[in-house]
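A.B. asks: One structure coming up, written as structure tokens, with questions to follow.
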Amino acid sequence: MNQEDLFKKIVAHCKEYGFIFPSSEIYDGLSAVYDYGQNGVQLKNNIKEYWWKAMTQLNEEVVGIDSAIFMHPTVWKASGHVDEFNDPLIDNKDSKKRYRADVLIEEHIEKIREKIAKEVEKAKKRFGDSFNEEMFVSTNPRVLEYKEKIDKITQRFTKALETNDLEDLRNIIIEEGIICPISGSKNWTEVRQFNLMFDTKLGSVAEGANTIYLRPETAQGIFVNYLNVQKTGRMKIPFGIAQIGKAFRNEIVARQFIFRMREFEQMEMQYFVRPGEELQWFEYWKEKRLKWHLALGFPETKYRWHKHEKLAHYANAAYDIEFEFPFGFKELEGIHSRTDFDLSQHEKFSGKKIRYFDNETEESYVPYVVETSIGLDRTFLAVLSASYKEENLGEESRVVLSIPPALAPIKAAVLPLVKKDGLPELAREIMDILKYEMNCMYEEKDSIGKRYRRQDAIGTPYCITVDHQSLEDSTVTLRYRDTMQQERISIDKLFDIVKSKTDMNTLLKKL
Ligand code: ATP
């Protein structure tokens with residue numbers, strides 16, 4: 001199946017099985033805003049729990065907060081968002097579609113990279129076992145030409161972004177012959193800057209209302225609470241503050257489903273360290289965060305590091321963890337060394353001292369910060385797209401979501417074979433054994449085969465079938481989602497088996 005079809009199927013599947021619905025759908029939806037349905041919210045909550053516990057429970061020096069979405073407007077002046085949280089946009093005059101100029105160029109570079117990969121594939125086939133990839137990519141003239149092109153564009157592009165040279169961004173698009181994917185034309189407008197923050201009014205207009213912003217990131221809520229948490233928690237450096245919450249961005253190009261939304265959720269952690277030690281902590285968190293992803297059990301090849309060529313002016317190192325979505329490798333999480341920029345800015349704008357007195361060095365300083373910032377919705381999409389499988393079973397086929405059991409919306413479905421003879425009653429007793437500890441579903445409608453398929457489609461790791469034999473010997477059939485194997489299990493062993501495989505601790509213990 002090609003990746004575009006796969007993506008369409010995943011989107012349709014999300015809707016059909018109660019994971020994600022378009023917002024306000026009865027009014028034809030609202031662009032780039034989505035609602036999570038009955039299964040979606042469970043999966044989302046489980047991802048949150050995995051992150052939250054990994055951060056705050058497993059790291060003694062990391063604590064959590066939950067700050068408000070609305071913040072004093074000066075916060076966004078200090079953070080630079082009012083003046084600089086812009087995306088360069090460009091319109092195609094024929095299709096009337098709007099694009100991010102930087103994304104158009106990045107995608108163009110990616111296409112050249114794909115050409116290199118194709119050359120390597122071809123050569124691999126041609127040379128067989130004797131193929132030396134390293135030598136090939138460093139000597140093949142065509143590959144070298146592509147590489148040189150990538151370097152040239154990257155350098156020019158990075159400079160244009162750094163110097164805010166919008167004209168040159170446009171020139172790159174024109175000179176590289178980048179076309180609009182909809183109209184196929186090169187009829188582009190000028191490039192303009194566009195601020196991504198949503199604003200609204202606090203108080204009634206009569207009172208002299210203030211313009212405030214919907215936060216575009218959760219991080220600033222952490223920075224402005226640095227002193228509160230440090231003092232009340234008697235935190236010693238290095239320490240971290242974690243937060244999960246909504247963020248809002250008026251994205252220009254809001255396509256690709258929940259990958260880029262206007263209202264989304266972030267899971268961010270700011271780690272406060274001694275100046276000069278930030279790069280060492282940066283490496284520490286890079287490693288830790290990748291481990292968190294890999295513990296989910298998806299192939300390692302689905303993840304890769306992307307180094308930021310263009311660093312924000314306050315950062316001294318930045319990497320993204322990219323994930324291979326059906327539409328290619330894209331950013332899932334950012335790990336940034338933000339120096340003392342944010343706290344210093346808040347010190348300046350608020351006039352309050354935001355310092356740390358280090359007993360060891362007997363110095364007072366503004367701490368440096370290493371940030372880990374991951375999109376909850378993007379993680380959701382990564383989990384779903386890596387879990388979605390269509391399997392041919394001879395006469396039949398099935399769609400199965402092989403979601404890591406600890407994240408699965410429903411851990412076990414309890415299914416009486418028929419709706420009579422006391423089977424529903426026994427099934428209810430089993431529900432009572434399990435339901436206080438895990439999310440279970442009771443289902444008695446339709447044939448057992450159909451019920452299995454429905455559970456496969458929402459990623460339920462276990463189906464428990466109660467039949468007539470169960471009444472006689474207190475055993476049930478336990479069916480495994482991934483292998484479809486079934487085994488006879490005594491009812492009193494059920495709880496331990498299901499719990500041990502689906503418990504959040506199974507994931508946390510891998511970290
Ligand atoms: P991009 O380059 O894709 O716009 P970004 O670099 O602006 O992302 P950050 O500001 O670093 O993103 O935000 C941290 C994380 O928040 C991202 O890694 C991503 O997972 C998530 N995120 C950012 N913007 C969105 C969005 N519009 N919709 C969903 N998730 C988002």
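A.B. asks: Of everything in segment 319-358, what is among the hydroxyl-bearing types (Ser, Thr, Tyr) and open to solvent by less than 10 Å² (accessible area, probe 1.4 Å)? Give them in sequence order.
C.D. replies: 337
A.B. asks: Residues to consider are 442, 436, 452; find the one that is away from the ligand (no atom under 16 Å from the Cβ) and open to solvent by 60 Å² or more (accessible area, probe 1.4 Å).
C.D. replies: So the residue among 442, 436, 452 that is away from the ligand (no atom under 16 Å from the Cβ) and open to solvent by 60 Å² or more (accessible area, probe 1.4 Å) is 436.
A.B. asks: I'd like to check which strands (runs of 3 or more DSSP E) are fully inside segment 326-367 and have at least 2 residues that are within 15 Å of the ligand (Cβ to nearest atom).
C.D. replies: In segment 326-367, the matching strands (runs of 3 or more DSSP E) lie at 328-339.
A.B. asks: Let me ask something additional. Please return the ranges of strands (runs of 3 or more DSSP E) entirely within segment 202-278 where 2 or more residues are more than 25 Å from residue 337 (Cα to Cα) and in contact (Cβ under 8 Å) with a residue 24 or more places away in the chain.
C.D. replies: Filter on segment 202-278 gives 210-213.
A.B. asks: While we're here: So residue 268 fits all but one of (1) touching an Asp or Glu at 6+ places or on another chain (Cβ under 9 Å); (2) among the acidic types (Asp, Glu); (3) open to solvent by 60 Å² or more (accessible area, probe 1.4 Å); what number is the exception?
C.D. replies: Failed condition: (3).
A.B. asks: Here's something else I'd like to know. Output the residues belonging to segment 483-500 that are over 31 Å from the mean Cα position of the chain (by Cα) and either closer than 18 Å to residue 455 by Cα or in a helix (DSSP H, G or I) (or both).
C.D. replies: 485, 486, 487, 491, 492, 493, 494, 495, 496, listed by residue number.
A.B. asks: Looking at (1) within 13 Å of the ligand (Cβ to nearest atom); (2) more than 17 Å from residue 34 (Cβ to Cβ); (3) open to solvent by 50 Å² or more (accessible area, probe 1.4 Å), which is the one condition that is false for residue 224?
C.D. replies: Failing condition for residue 224: (1).
A.B. asks: Before we move on, is residue 140 without any contact (Cβ under 8 Å) to a residue 12 or more places away in the chain and either of a type outside the set (S, T, N, Q) or out of contact with any Lys or Arg (no Cβ under 7 Å at 6 or more places or on another chain) (or both)?
C.D. replies: When the stated conditions are applied, residue 140 does not pass them.
A.B. asks: Going by the structure shown, is residue 259 under 27 Å from the mean Cα position of the chain (by Cα), closer than 23 Å to residue 83 by Cα and open to solvent by less than 20 Å² (accessible area, probe 1.4 Å)?
C.D. replies: The answer is no for residue 259.
A.B. asks: Restricting attention to segment 283-298, does a residue exist that is assigned to a loop (DSSP other than H, G, I, E, B) and within 29 Å of residue 163 (Cβ to Cβ)?
C.D. replies: For segment 283-298, residues assigned to a loop (DSSP other than H, G, I, E, B) and within 29 Å of residue 163 (Cβ to Cβ): absent.
A.B. asks: Follow-up question, since we're still on this one. Could you look through segment 243-300, keep only residues that are within 14 Å of the ligand (Cβ to nearest atom) and of a type in the set (Gly, Ala, Ser), and pick out the one that is farthest from residue 318 (Cα to Cα)?
C.D. replies: The extreme case among them is 254.
A.B. asks: Need at least 3 residues that are touching a residue at least 24 places away in the same chain (Cβ under 8 Å) and in the same structural domain as residue 14 (by TED's automatic domain parsing) per element, so show me which helices (runs of 4 or more DSSP H) inside segment 371-464 make the cut, counting only ones lying wholly within it.
C.D. replies: Once the helices (runs of 4 or more DSSP H) in segment 371-464 are filtered for at least 3 residues that are touching a residue at least 24 places away in the same chain (Cβ under 8 Å) and in the same structural domain as residue 14 (by TED's automatic domain parsing), what remains is 376-387.
A.B. asks: Which of (1) within 16 Å of the ligand (Cβ to nearest atom); (2) at positive phi; (3) not acidic (Asp, Glu) is the odd one out, the single condition residue 394 does not satisfy?
C.D. replies: Of (1) within 16 Å of the ligand (Cβ to nearest atom); (2) at positive phi; (3) not acidic (Asp, Glu), only one is false for residue 394: (1).
A.B. asks: Of everything in segment 359-383, what is over 25 Å from residue 302 (Cβ atoms), crowded, with 24+ Cβ neighbours inside 10 Å and among the aliphatic types (A, V, I, L, M)? Give them in sequence order.
C.D. replies: Listed by number, the list holds a single entry, 369.
A.B. asks: Still on this structure: Only one residue in 353, 330 is among the basic types (Lys, Arg), over 27 Å from residue 407 (Cα atoms) and in contact with a helix residue (DSSP H, G or I) (Cβ under 8 Å, 6 or more places away or on another chain). Which one?
C.D. replies: Of the residues listed, the single one that is among the basic types (Lys, Arg), over 27 Å from residue 407 (Cα atoms) and in contact with a helix residue (DSSP H, G or I) (Cβ under 8 Å, 6 or more places away or on another chain) is 353.
A.B. asks: Across segment 231-241, what is the total count of residues that are open to solvent by 30 Å² or more (accessible area, probe 1.4 Å) and more than 13 Å from residue 368 (Cα to Cα)?
C.D. replies: Adding up the residues that qualify gives 5.
A.B. asks: Okay, next question. Does residue 307 satisfy the criteria of being within 26 Å of residue 506 (Cβ to Cβ), assigned by TED's automatic domain parsing to the domain that holds residue 375 and not acidic (Asp, Glu)?
C.D. replies: no
The values are calculated or read from the model by the stated rules, or taken from the named source; none is laboratory data. This is a predicted model, so every value here is computed, not measured. Cβ coordinates were reconstructed from backbone atoms using ideal geometry, including for glycine residues, and neighbour counts include every protein chain displayed. To get the accessible areas, we keep the full protein, side chains included, count just its heavy atoms, and leave off ligands, DNA and RNA. Shrake-Rupley method; radii C 1.70, N 1.55, O 1.52, S 1.80 Å.
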